[in-house]
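Novice: Below: one structure in structure tokens.
What follows is calculated from the coordinates using simple rules that are stated; it is not laboratory data. Computed from a predicted model, the values in this text were never measured in an experiment. Positions of Cβ are generated from backbone atoms using ideal geometry, with glycine treated the same way; all protein chains shown enter the neighbour counts.
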Amino acid sequence: MSQILRGGHVVTRTGKTGPYSGFDADIHVKDGHIKGILKPGTPVPNATTIDVSGLWLTPGYVQAHTHLVQALFRGMADDLALLDWLRTRIWPLESAHDDESAYWSARLGLTEMLLGGTTAILDMASVKHTDAIFRAASECGIHAHIGKAMMDRENEAGLSEATEASVASSCALRDDWHGRGRLRYAFAPRFVPSCTEELLSQTITEARKSGCLIHTHASENRDEVELVRELTGKDNVVYLNDIGLTGPDVVLAHCIHLTDVERQILCDTKTAIAHCPGSNFMLGSGIAPTPELLTGGAKIVIGSDGAPCNNRMDVFAEMRLAALMQKPRLGADAIHADQVLDMATVTGAEVLGTGGGDLVVGSTADVVAIDPNKIHSLGGGQPAGCLVYAATPANVRHVWVEGEHVVQDGRLHCWSLEETVSECRSALARVRQRVNL
Ligand SMILES: [Zn+2]
């Protein structure tokens, strides 16, 4: 399949590290890849023409920490700190899911993210119903690494299982889904307080045997860090590093409360850090030291985390907050829009291995067409500043994932919005009947 995106303004880095800038060009997409960046009007025989006049063409956005299974629970756990948020709301709510409600929750989150320009995700599901999350992702065409939440330490909500069962069911999901189309399996132990060392060790072995990413939460909250010290006698990231749970195939969500030694470990091991500023503000977790980590060479990507701790799954909001949150602490130039845009595009794509992240010949054709002429974004600044500080999902006009035109003129191709809304309402009512929240 051959398409030509005509009349757009292509936004890319100037060279590898220069500022983002734009130039007028047509993009030729063939067989899921960018085949050519062409002078406007260049004829391309046998290609379907898509008019993107007046629009900016940007790389697809990557959210490297999400919880689709929680999308249905938006607004049901406001104003709580992490451990209370988990124990009193999120774990009981996740426990009350059935396959259908998990599916509709995923569909809600995926709809929000695709309409908002997100083309790839790394998602942690719950202990059960992970098949339903994969099913929704498989229908909509997004690049998705998904893993069931592994938990083998008992908790108040009963949301845990035996070590062997957790590993065996994760491996079965991997065998079913890893490598199907744009889907990948990710091994996802929830966080150290939920997992025995035996579970973590077996997880590392299984993930590395099959080339899957390993994804967990780390050092999000001071009480969590203290709990890890009580359980292991070590600082969280030191512990993870000691057992082998760091490296380029590991994505740690949050990484806020770090010692100097832990920062160095993350930089030296090239462990990816999924920065979730909206969630960090909402749960009062703290401010991740991203400028310092970037200076040390750390790999930082962006995620919105779950809908009940944000309460949006909007990559533009995350980019804006990622930049703004550092400025009162370190000054207005602490982190620049270009650096934040990198986190959400090229670095995210590198960590998730999508082959996208930049608009150059040979890249996977993950492309978002942005209308810059909205009232809230119209102005004369550089593209990166506009995308990070002003743009919202309302600017997203078209989305292509691996060349598939999944959002056309602001409409999601695969699903009916009306059906999603009505089924989500019914599914949530059924969940609420099972849990007193
Ligand atoms: Zn999370």
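Novice: Could you tell me the center-to-center distance, by alpha carbons, between segment 264-314 and segment 386-437 in angstrom?
Specialist: Distance between centres, Cα-based: 24 Å.
Novice: Another question about this same structure. Quick one: net charge of GLN264's neighbours, Cβ under 13 Å, K/R +1, D/E -1?
Specialist: -3
Novice: Follow-up. Divide by every residue of the chain the summed helix terms, -39500 (n - 2.57) for each DSSP H run of at least 4, and state the resulting mean residue ellipticity at 222 nm, rounded to the nearest 500 deg cm²/dmol.
Specialist: -9500 deg cm²/dmol
Novice: Mind ordering 196-207, 355-366 by average Cβ neighbours within 10 Å, highest first?
Specialist: The packing order, highest mean first, is 355-366, 196-207.
Novice: Picking from ASN310, ASN280, ASN46, which is most flexible by a Gaussian network model of the chain using Cα springs under 10 Å?
Specialist: Checking each option, the largest mean-square fluctuation is seen for ASN46.
Novice: Would you list which lysines come within 20 Å of LYS39, measuring only between C-alpha atoms, while excluding same-chain residues fewer than 8 positions from it?
Specialist: LYS30
Novice: Taking trypsin sites (Lys or Arg not before Pro) as exposed when DSSP calls them loop (any state but H, G, I, E, B) and at most 12 other Cβ atoms lie within 10 Å, what is the longest stretch of the chain free of them, the sites themselves excluded?
Specialist: Counting at most 12 other Cβ atoms within 10 Å as exposed, the longest clean stretch of the chain is 181-437.
Novice: Please compute the Cα-Cα pair-distance distribution of segment 173-270 with 5 Å bins starting at 0, giving whole percents from short to long.
Specialist: Over segment 173-270, the share of Cα pairs per 5 Å bin runs 2, 13, 25, 24, 17, 10, 6, 2, 0 percent.
Novice: With a ≥ b ≥ c the root eigenvalues of the C-alpha gyration tensor of segment 14-61, is it rounded (a/c under 1.5), prolate (a/b larger than b/c) or oblate?
Specialist: prolate
Novice: Classify the chain: rounded, prolate or oblate, from the alpha-carbon gyration tensor (a ≥ b ≥ c, eigenvalue square roots; a/c under 1.5 rounded; otherwise prolate if a/b is larger than b/c)?
Specialist: prolate
Novice: Counting alpha carbon pairs within less than 8 Å and at least 6 residues apart, what relative contact order, in whole percent, applies to segment 1-91? Show your work: numbers first, answer last.
Specialist: On the way: 126 pairs, mean separation 26.8, N = 91.
Across segment 1-91, relative contact order equals 30 percent.
Novice: Once phi is turned into θ = phi - 60°, what whole-Hz ³J(HN,Hα) does the Karplus curve with 6.51, -1.76 and 1.60 give for every residue of segment 141-156, x standing for Gly and Pro?
Specialist: x, 5, 6, 9, 9, 10, x, 5, 6, 9, 8, 10, 9, 5, 9, 4
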